[in-house]
Amino acid sequence: MSATTSTLSGPIPPGSVIGIMGGGQLGRMTALAAAQLGYRCHIFTPERDSPAAQVAAAATVAAYDDEAALDAFAGAVDVITFEFENVPGASVRRLAERAIVRPSWTCLATSQDRLAEKDFVNGLGISTAPYRSVDGLPALEAAIAALGRPAILKTARLGYDGKGQYRIGADTDLAAAWAAMDGGRAVLEGFVDFEREVSSIVARGPDGNVAAFDIVENRHVNGILDTTIAPAPLSAALVAEAVRVALAIAEGLDLVGLLAVEMFVTREGSLLVNEIAPRPHNSGHWTMDACITSQFEQFVRAVCGLPLGSPARHSDARMQNLIGDAVQDWPCLLADPTARLHLYGKAEARPGRKMGHVTWLKPRSA
Ligand code: AMP
């Protein structure tokens, strides 16, 4: 491969090899969608028998910083993308010197760090919860004095599914909260008393064309997504604003691929961005069964520079994650004619582990 930019023109045609960093369920469902369009996927993951590798044409099992393995991988694929954004920055830069990487490593770097992400979003004139950078107990005390309680302290890096978070209530000891951050940089966020949580998923191709899925409502349990409802019960004005926000962020990042933007709807009826992810997202799984084009197919189309598909919703949907032992319900779910079951091929149902999901469909409302 000689191409080194993420904005190269011309499609990467079916028959090519898509390299995917990460071996989880997002990679698995991307590889299945890619296969439908005639691509092969090559998975790079430290995990043996990963959910993605089970359905892919090839896999490299190596550490994310194994330079020889990264170089061989870059030489064996036509384009590289991510199903997991916490790949070390140096590894991503190395890959980008040797292959087309979409989205670009700058998009990943922004989304890997909560502080960089919030600074970026606010820099576009888009609101988030109020926040402060925290690098020690004195900074935490100053941040609490500025933002008040309750608040949430989050590690700046490597946090997901509510991990690396510490809720600070009226009586919380700040030294204990800071100790929970393991000495890393953190972000203190003002607590948002939201009406609901929603997300927007948009695709953007190398030519700048965009497509947006319907806005959905997300309900979390213990910081982990539990249920997605499509469409979200929002006014037309808020739907338009949620799409505008996601497209503005995708354009601001010069993103090629897919972007998920999680937002709070405040009780006053405005939107605050909580988190962004430059990849397929759990809150987009409903699209597999309820839209003309799934988020995974759209991701493949965007990354490969194909025309984007229609994101139109043909059915209303409720997606439920099957977390830990909930996966044991599979016989009942298979017996339900309105349910579409997706299992991820994970051998062990540990608590908090996403084992699969189910989507219930009903006729499209409006
Ligand atoms: P996150 O890992 O940042 O997506 O947070 C996981 C979940 O915690 C969110 O989906 C919210 O339900 C909750 N949460 C996170 N940040 C805040 C906040 N600033 N105010 C209120 N709830 C929050």
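The values are calculated or read from the model by the stated rules, or taken from the named source; none is laboratory data. Worth saying up front: this structure is predicted, and the values here are computed from it rather than measured. Cβ: placed from backbone, ideal geometry, glycine included. Neighbour counts: every protein chain shown.
From Arg28, Arg40, grab the single residue that is closer than 24 Å to Asp289 by Cβ and of a type in the set (D, E, K, R). Spell out how you get there, then give the answer.
Values: Arg40 fails: closer than 24 Å to Asp289 by Cβ.
None of the other options fit; the residue is Arg28.
Restricting the search to the stretch 138-160, which residues are near the ligand (Cβ under 8 Å from one of its atoms) and touching a helix residue (DSSP H, G or I) at 6+ places or on another chain (Cβ under 8 Å)?
Within the stretch 138-160, Ala151, Lys154, Gly159 meet the criteria.
Collect the residues in the stretch 38-55 that are under 13 Å from Ser16 (Cα atoms) and crowded, with 16+ Cβ neighbours inside 10 Å, keeping them in residue-number order.
Of the stretch 38-55, the ones under 13 Å from Ser16 (Cα atoms) are 38-42.
Once the filter is applied, which keeps residues that are under 13 Å from Ser16 (Cα atoms) and crowded, with 16+ Cβ neighbours inside 10 Å, the stretch 38-55 yields Tyr39, Arg40, Cys41, His42.
Would you mind listing the helices (runs of 4 or more DSSP H) fully within the stretch 5-119 where at least 2 residues are in contact (Cβ under 8 Å) with a residue 40 or more places away in the chain, within 16 Å of the ligand (Cβ to nearest atom) and on the phi < 0 side of the Ramachandran plot? Even if it seems obvious, please write down each step before you answer.
Details: elements: 25-36, 67-76, 89-98, 105-112.
By residue number, 105-112.
Answer yes or no as to whether Ala129 is within 16 Å of the ligand (Cβ to nearest atom), buried (at least 16 other Cβ atoms within 10 Å of the Cβ) and either assigned by TED's automatic domain parsing to the domain that holds Asn222 or within 27 Å of Ala242 (Cα to Cα) (or both).
Values: within 16 Å of the ligand (Cβ to nearest atom): yes; buried (at least 16 other Cβ atoms within 10 Å of the Cβ): yes; either assigned by TED's automatic domain parsing to the domain that holds Asn222 or within 27 Å of Ala242 (Cα to Cα) (or both): yes.
Spelling it out, Ala129 is indeed within 16 Å of the ligand (Cβ to nearest atom), buried (at least 16 other Cβ atoms within 10 Å of the Cβ) and either assigned by TED's automatic domain parsing to the domain that holds Asn222 or within 27 Å of Ala242 (Cα to Cα) (or both).
Give the residues of the stretch 250-292 that are touching a residue at least 60 places away in the same chain (Cβ under 8 Å), in contact with a Pro (Cβ under 8 Å, 6 or more places away or on another chain) and closer than 21 Å to His314 by Cα, sorted by residue number.
Within the stretch 250-292, Ala260, Thr287, Cys291 qualify.
Among the numbered criteria (1) in contact (Cβ under 8 Å) with a residue 24 or more places away in the chain; (2) within 15 Å of the ligand (Cβ to nearest atom), which one does Asp135 miss?
With (1) in contact (Cβ under 8 Å) with a residue 24 or more places away in the chain; (2) within 15 Å of the ligand (Cβ to nearest atom) applied to Asp135, the lone miss is (2).
One residue is enough: does the stretch 164-171 have a residue meeting the conditions under 16 Å from Asn274 (Cα atoms) and touching a Gly at 6+ places or on another chain (Cβ under 8 Å)?
Looking only at the stretch 164-171, we keep the residues that are under 16 Å from Asn274 (Cα atoms), and these are 164-167.
If we keep only those that are touching a Gly at 6+ places or on another chain (Cβ under 8 Å) too, we end up with 165.
Looking through the stretch 164-171, at least one residue is under 16 Å from Asn274 (Cα atoms) and touching a Gly at 6+ places or on another chain (Cβ under 8 Å).
Scan Leu147, Leu137, Leu188, Leu158 and give me the residue that is loosely packed, with under 15 Cβ neighbours inside 10 Å and modelled with pLDDT of 95 or more.
Details: Leu147 fails: loosely packed, with under 15 Cβ neighbours inside 10 Å; Leu188 fails: loosely packed, with under 15 Cβ neighbours inside 10 Å; Leu158 fails: modelled with pLDDT of 95 or more.
So the residue among Leu147, Leu137, Leu188, Leu158 that is loosely packed, with under 15 Cβ neighbours inside 10 Å and modelled with pLDDT of 95 or more is Leu137.
Identify all residues within the stretch 307-339 that are of a type in the set (A, V, I, L, M) and under 21 Å from the mean Cα position of the chain (by Cα); write none if there are none.
Within the stretch 307-339, the subset of a type in the set (A, V, I, L, M) is 308, 312, 317, 319, 322-323, 326-327, 333-335, 339.
Across the stretch 307-339, the qualifying residues are Leu308, Ala312, Ala317, Met319, Leu322, Ile323.
Which numbered condition trips up Lys163, out of (1) surrounded by 14 or more Cβ atoms within 10 Å (Cβ to Cβ); (2) in a loop (DSSP other than H, G, I, E, B); (3) within 14 Å of the ligand (Cβ to nearest atom); (4) charged (D, E, K, R)?
It is condition (1) that Lys163 fails.
Kindly indicate whether Gln320 is at pLDDT 95 or above, closer than 16 Å to Asp226 by Cβ and of a type in the set (S, T, N, Q). Give the derivation first.
Values: at pLDDT 95 or above: yes; closer than 16 Å to Asp226 by Cβ: yes; of a type in the set (S, T, N, Q): yes.
Considered against the rule, which asks whether it is at pLDDT 95 or above, closer than 16 Å to Asp226 by Cβ and of a type in the set (S, T, N, Q), Gln320 comes out as yes.
If we keep just the residues of the stretch 241-288 that are within 15 Å of the ligand (Cβ to nearest atom) and among the basic types (Lys, Arg), which is nearest to Val358 (Cα to Cα)?
Taking the candidates together, the pick is Arg279.
Take Ile168 and tell me if it is outside the structural domain of Leu147 (by TED's automatic domain parsing) and within 16 Å of the ligand (Cβ to nearest atom). Explain how you work it out, then say what you get.
Details: outside the structural domain of Leu147 (by TED's automatic domain parsing): no; within 16 Å of the ligand (Cβ to nearest atom): yes.
Against the criterion (outside the structural domain of Leu147 (by TED's automatic domain parsing) and within 16 Å of the ligand (Cβ to nearest atom)), Ile168 does not qualify.
Do we find that Ala96 is assigned by TED's automatic domain parsing to the domain that holds Pro11, in contact with a helix residue (DSSP H, G or I) (Cβ under 6 Å, 6 or more places away or on another chain) and crowded, with 18+ Cβ neighbours inside 10 Å in this structure?
On the way: assigned by TED's automatic domain parsing to the domain that holds Pro11: yes; in contact with a helix residue (DSSP H, G or I) (Cβ under 6 Å, 6 or more places away or on another chain): yes; crowded, with 18+ Cβ neighbours inside 10 Å: yes.
Yes.
Restricting to the stretch 204-225, and then to whatever is charged (D, E, K, R) and surrounded by fewer than 16 Cβ atoms within 10 Å (Cβ to Cβ), can you tell me which residue is nearest to the ligand (Cβ to nearest atom)? Outline the logic, then answer.
Keep residues of the stretch 204-225 that are charged (D, E, K, R), which gives 204, 207, 214, 217, 219.
Applying the additional criterion that residues be surrounded by fewer than 16 Cβ atoms within 10 Å (Cβ to Cβ) yields 207, 219.
Working: Asp207: 31, Arg219: 9 Å.
It comes out as Arg219.
Taking only the stretch 182-199 into account, find how many residues are touching a helix residue (DSSP H, G or I) at 6+ places or on another chain (Cβ under 9 Å) and more than 10 Å from the ligand (Cβ to nearest atom).
Here the count works out to 3.
Which condition number does Ala175 fail, the rest of (1) under 25 Å from the mean Cα position of the chain (by Cα); (2) surrounded by fewer than 16 Cβ atoms within 10 Å (Cβ to Cβ); (3) at pLDDT 95 or above being met?
(1)
What number goes with the only condition from (1) at pLDDT 95 or above; (2) of a type outside the set (Gly, Ala, Ser); (3) at positive phi that Asp226 does not pass?
Only one criterion in (1) at pLDDT 95 or above; (2) of a type outside the set (Gly, Ala, Ser); (3) at positive phi is unmet by Asp226, namely (3).
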